[in-house]
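Take a look at the structure set out below.
Any read-out appearing in this document is the output of simple, stated calculations on the displayed coordinates, not a laboratory observation. As the structure is a prediction and not an experimental result, all values here were calculated from the model. As a convention, Cβ positions derive from the backbone with ideal geometry for all residues, glycine included, and neighbour counts pool all protein chains shown.
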Amino acid sequence: MGGRSGRSPSVFGRGGLQLVLLQLISEQASHGYELIKAIEERLQGRYSPSPGVVYPRLAMLEDMGYILAQKPDTQGRRRYSITPAGRDFLQKQKSQVDVLMARMEGGVDGAGLRGGRPAPVARAIENLKMAMRLRLTQPLSQEQALAFAAILDEAASRIERLPSEPTNA
């Protein structure tokens, strides 16, 4: 999973690393190396994005007007700070950012990148993913798509209603 490769682990998903970087910058103006280290630290060393992954995303965020790069310091490092447009964008993406940050901390899936899920949960997740992949290889009618979504929504709702504290059975 991720390791020290330059690829973003699946915990970030498409566009997720940019949101994580923007969130970290909103917490504290930072240069690229500090951001890399912050991600690595939050993931307890299990993933460290490479400069070749981070800096192009920082450049993109700057081009979009979401962050501002200061002049390089004496060591050639540029400190990035969030702009008002970046704060607005981050606020609009708050639910996704919260999920990403919780996953980094191991909160969303019970493991994040830090540890394992209970075996029955891991099996059930893989079973669901496989069933969805197999079914989605065929087109869905509008009625089937609505039924598919309703099943997933119901499962999510039931999972959310589970007690947050473990019970002793």
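Here are the numbers for this structure:
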quantity	calculated
For segment 80-85, 3J(HN,Hα) per residue [Karplus equation, 6.51 cos²θ - 1.76 cosθ + 1.60, θ = phi - 60°, Hz, x = Gly/Pro]	9, 10, 7, 9, x, 5
Rough spin-label spacing in nm, given labels placed 7 Å along Cα→Cβ, for I125 and L162	1.1
FRET efficiency estimate (nearest 0.05) - Cβ-Cβ, A102 to R78, R0 25 angstrom	0.30
Distance histogram for segment 16-104 (every C-alpha pair counted, 5 angstrom bins, percent rounded to whole numbers)	3, 15, 27, 27, 19, 8, 2, 0
Convex hull projection area averaged over all views, segment 119-160, Cα basis, nm²	3.1
Residue order, fewest to most beta carbons within 10 Å, for S48, S95	S95, S48
